[in-house]
Amino acid sequence: MKRLVLTIITVLVSLMGASAQDKPQVLGKSHALQRVVVKDKYLLLPVQEREDNANIRVIKDGQQVQTLNVRLAVDQVDYYVPLDIQRYGNTDLLLDINFYGDRRFTGAMKDFLCWREMKQSNSFDTKNREKYRPLYHHTPAYGWMNDPNGMFYKDGVYHLYYQWNPYGSMWENMTWGHSTSRDLIHWEAQPTAIEPDALGSVFSGSCVVDKKNNQVVAFYTSAGSSQVQSMAISKDNGMTFEKYSGNPVLVSTEEDFRDPKAFWNPDIQKWNLILAVGQEMRIYSSKDLKEWQYESSFGKELGCHDGVWECPDLIKMPVRGTDKQKWMLICNINPGGPYGGSATQYFIGDFDGHHFQCEHKDTRWMDYGKDHYATVTFDNAPDGRKIALAWMSNWQYANQVPTKQFRSANSLPRDLGLFEYNGQTYCSVTPSKEVLALRGKQTKKLSQACELVVDVKGSTEIILSNSIGEQVVMRYDAQKQTFSMDRTRSYASFSEAFAAETVSPTYGAIRQLRIFIDRSSIEAFDADGKMAMTNLVFPAEPYNNIKVKGGKATIYEIKH
């Protein structure tokens, strides 16, 4: 009898817990409270992307411990995202939820599908089910990703942080996600690195390896009521960070004040920091990474000013074939790219630790595709290399590309350098040597993950196509010294801004092209590094046919 009573009580408690989670307390047409009896690690939140964000305040013992925005499902579930509810202990939580959608279109809140579809689980399935998820490019395990952040190399490991939304596949809840790699190709997802706090969301920034103090120091923009610069310190090689108690370390009255890139400058034996402010870059110096002195500003009347300047970098490199060394200032801009939307421009010149002087007046683009943005380099890369990654998308349509479980990938790693042409110095871009390890055996068949090496014999045309008539056409014009990629016949119904033909100067003759195909992207490089072009493609079925005129193509399988 005693055992029967205990069983009944257990069942009742279980039912009460389920009921508390299944039936919200509706307090008005847009406000509800949802009590969660914590049993498992995650509360899986159902997402419907066409809906407006709902704001969720997570409350424990009367105190708010987290806030997030999620497009909670109204009448359809596109996918689920995990909210870690055990991080605060096995204590009941209260979700204070405010919806912002128009009730005329969404109906009564009590009938929303999300209440029935919220469920607890001790695991979250990140198995890839996306036809367009790249096979050999870095992507987040799930959720939205944009700018690469805080990249550094230490003790044989490359660390990549990135702008991440853990609660949906559209931009929101900016946090630093984290992945690591030993070869720049195979990436392992790590726990979240830096989360929002009272100062705001965690926007883009950088990391430096502080060898003197055996630590890694992160700088990032805290984006709340204003944009300010914050610092966090890691004593375990970037796996966890502790935020500096004196944050913020830099403030401004400017509205757009963000994306700090710090680096050690041996020429002046100090740290420098460059960040974007509206349509210019500001440069600072420091002896201790905490107190920063303003040095100068750069950018007026130089380069493209059709959008906001973002995500800067400032690096010193040798000029190929000479004994010269010059500085390059990287400036990402949105909008204002050569073919609309976001892109990466650069400036070549001299930097004395205080002022950057540009030696040219023309606008120069690092990559002439539509899907190359937020480009920055790894700190402390081996052998003095300047290894860069870009976000492989465009703000014109980044939230609309036809994926659900995740959105966005990073470009292949690229080594940057400098070369001279007709008395001017330009940026060279070549696939990093680690990419060669991906190259498999030669094959006669085009696949959705392969590398094309095209030996060029004058003007050349390369057509990739499939059985339903979709195609991408690439042309090298030897007389005009241009390379173009036309994706207007690639699937693009999700955005009018997607269909495009992009054209790049080649700064001399091209002898060989290296073209990387990976499900939803094509990256084309002059083998000598004088041209780079990155474009997304979303064919309904993979391109399985290739025609080449004016050159010879060798197809290599990609090992992934």
Quick calc of log₁₀ I(q)/I(0), segment 385-460, Debye, one scatterer on every Cα, no solvent, q values 0.14, 0.15, 0.16 1/Å, result -0.79, -0.88, -0.97
Charge tally for neighbours of E461 with beta carbon under 9 Å away, counting Lys, Arg as +1 and Asp, Glu as -1, is +3
PRE zone check, label point 7 Å out along Cα-to-Cβ of E280, amide N under 18 Å, scope segment 354-380, hits 354-359
Taking the alpha-carbon centre of each part, the distance from segment 456-528 to segment 152-216 in Å is 32 Å
Asserting the computed 222 nm helical MRE of the chain (DSSP H runs at least 4 long, -39500 (n - 2.57) per run, divided by residue count, to nearest 500) equals -1500 deg cm²/dmol
Check: C-alpha center segment 91-141 vs C-alpha center segment 323-338, spacing in Å is 39 Å
With a Förster distance of 41 angstrom and the Cβ-Cβ distance between D75 and E254, calculated FRET efficiency to the nearest 0.05 equals 0.45
Total charge of the residues flanking W144 in space, meaning their Cβ is under 9 Å from its Cβ, with Lys and Arg +1 and Asp and Glu -1, is 0
Checked against the positive end of the charge dipole of segment 380-421 (+1 on Cβ of Lys and Arg, -1 on Cβ of Asp and Glu, about the Cα centre), the farthest of S408, F419, A390 is S408
Under the 7 Å Cα-to-Cβ spin-label approximation, D362 and Q325 lie apart by a distance in nanometres of 2.8 nm
Compactness summary of segment 425-509: radius of gyration and Dmax from Cα atoms, Å, are 15.2, 44
In the chain the accessible area split gives carbon plus sulfur, as whole percent at 1.4 Å, a share of 48 percent
Projected onto the charge dipole of segment 437-556 (unit charges on the beta-carbon of Lys, Arg, Asp and Glu, signs +1, +1, -1, -1), the Cα from Y543, S521, I510 with the largest positive-side position is that of I510
In nm², the average projected area of the convex hull spanned by the Cα atoms of the chain is 29.8 nm²
Quick calc: nm separation of the 7 Å Cα→Cβ label points for K549 and K127 -> 4.6 nm
For the chain, the dipole about the Cα centre with charges only on Cβ (Lys and Arg +1, Asp and Glu -1), to the nearest 20 debye, works out at 1580 debye
Within the under-9-Å Cβ sphere about F99, not counting F99, Lys/Arg +1 and Asp/Glu -1 give a net charge of 0
Rounded to the nearest 10, the angle in degrees between the Cα long axis of helix 2-22 and the longest principal axis of the Cα atoms of the chain comes to 50 degrees
So, for the Cα atoms of segment 199-289, Rg and Dmax in Å stand at 12.9, 37
Dividing the surface of the Cα convex hull of segment 77-227 by four yields a projected area in nm² of 12.5 nm²
Taking every C-alpha to C-alpha distance in segment 81-147 and binning by 10 Å from 0, the per-bin percentages run 13, 31, 32, 23, 1
Rounded to one decimal in Å, the inverse mean reciprocal Cα-Cα distance for segment 400-552, i.e. its Kirkwood radius, is 16.3 Å
The farthest towards the positive end of the charge dipole of segment 241-314, of the residues G299, I283, N265, given +1 on Cβ of Lys and Arg and -1 on Cβ of Asp and Glu, is N265
The FRET efficiency for S225 and D92, from their Cβ-Cβ distance with R0 = 25 Å and rounded to 0.05, is 0.20
Computed about the Cα centre, the charge dipole of segment 329-416 from +1 Lys/Arg and -1 Asp/Glu charges at the Cβ has a magnitude in debye, to the nearest 20, of 480 debye
Length gained if N213 through E501 is fully extended, taking 0.36 nm per residue and subtracting the Cα-Cα distance, is 98.7 nm
Computed about the Cα centre, the charge dipole of segment 150-240 from +1 Lys/Arg and -1 Asp/Glu charges at the Cβ has a magnitude in debye, to the nearest 20, of 280 debye
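The values are calculated or read from the model by the stated rules, or taken from the named source; none is laboratory data. Owing to the predicted nature of the structure, the values given are computational and were not obtained by experimental measurement. As a convention, Cβ positions derive from the backbone with ideal geometry for all residues, glycine included, and neighbour counts pool all protein chains shown. Just the protein is used for accessible areas: all its heavy atoms, side chains included, with ligands, DNA and RNA removed. Shrake-Rupley method; radii C 1.70, N 1.55, O 1.52, S 1.80 Å.
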